[in-house]
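The values are calculated or read from the model by the stated rules, or taken from the named source; none is laboratory data. Not measured: the values here are computed from a predicted model. Using ideal geometry, Cβ is built from the backbone for each residue, glycine included, and neighbour counts are taken over all protein chains shown.
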């Protein structure tokens, strides 16, 4: 078995709350500096910028998980990852149709742009991507798993946009592939508060909106190789694979 450092919650300049400095090239460069082996691209309610990061990551020897951070009807944030570009594209369209019809005001919320490898803008998203969808958590989970994706509720302990802030607790019977904790806590603190979650896998991620935050915390995966299927096995704790949160 091998160990891999993974920061699975990184926003690009596509997220209106993300820095315009968080370009695909900058993200890969920063990931290399932080000795990350795996990163997850999780812009709000859209996965379109993850394709270029994936391409650049392959050249740099970094495995990129393509995904997004979806806001449920309850305004809880959940990470969704898919193996194939075609599925990410289809799911992005599916989610876009279910975002509240609020027009983005770049002066108020920030730009929502997709760029190419030359850093030219090739698309600008009209709807405000940080809006909630009309899907509740259970509906979202089913839609992700129906597409053979990975479903991980984000930063579950945070006082905003988390399971605990929006529902008041972490449901013990959710069909999840794991839970994410933020860089502001530790795994032991979470288990002390929610001991009934001890059998679940946890990742820890930076939720980076700025280059300097990438890799501040990470999850350490033990598995054979950096692949989507191996990550799935590690989250399931199968065949000797595993994952643990890690704070520097």
Quiz item: Can we say residue 48 is at pLDDT 95 or above, outside any helix (DSSP H, G or I) and in contact with a strand residue (DSSP E or B) (Cβ under 8 Å, 6 or more places away or on another chain)?
Solution: yes
Exercise. From the list 8, 14, pick out the single residue that is in contact with a strand residue (DSSP E or B) (Cβ under 9 Å, 6 or more places away or on another chain), touching a residue at least 40 places away in the same chain (Cβ under 8 Å) and more than 30 Å from residue 238 (Cα to Cα).
Key: 14
Quiz item: Based on what the data block shows, is residue 118 closer than 26 Å to residue 33 by Cβ and loosely packed, with under 14 Cβ neighbours inside 10 Å?
Solution: yes
Quiz item: For the range 175-210, what are the residues that are free of Cβ contacts under 8 Å to residues at least 40 places away in the same chain, within 19 Å of residue 139 (Cα to Cα) and crowded, with 16+ Cβ neighbours inside 10 Å?
Solution: 176, 179
Quiz item: Does residue 57 satisfy the criteria of being part of a helix (DSSP H, G or I), touching a residue at least 24 places away in the same chain (Cβ under 8 Å) and within 22 Å of residue 224 (Cα to Cα)?
Solution: yes
Exercise. Filter the range 217-244 for residues that are more than 14 Å from residue 64 (Cα to Cα) and without any contact (Cβ under 8 Å) to a residue 40 or more places away in the chain and give the result.
Key: 233, 234, 237, 238, 239
Quiz item: Between a first residue in the range 147-165 that is touching a residue at least 40 places away in the same chain (Cβ under 8 Å) and at positive phi and a second residue that is in a strand (DSSP E or B) and buried (at least 19 other Cβ atoms within 10 Å of the Cβ), which pairs have beta carbons less than 6 Å apart while being 6 or more apart in sequence or on different chains?
Solution: 155/180; 161/77
Quiz item: Is at least one residue of the range 36-54 farther than 23 Å from residue 153 by Cα, surrounded by 23 or more Cβ atoms within 10 Å (Cβ to Cβ) and over 14 Å from the mean Cα position of the chain (by Cα)?
Solution: yes
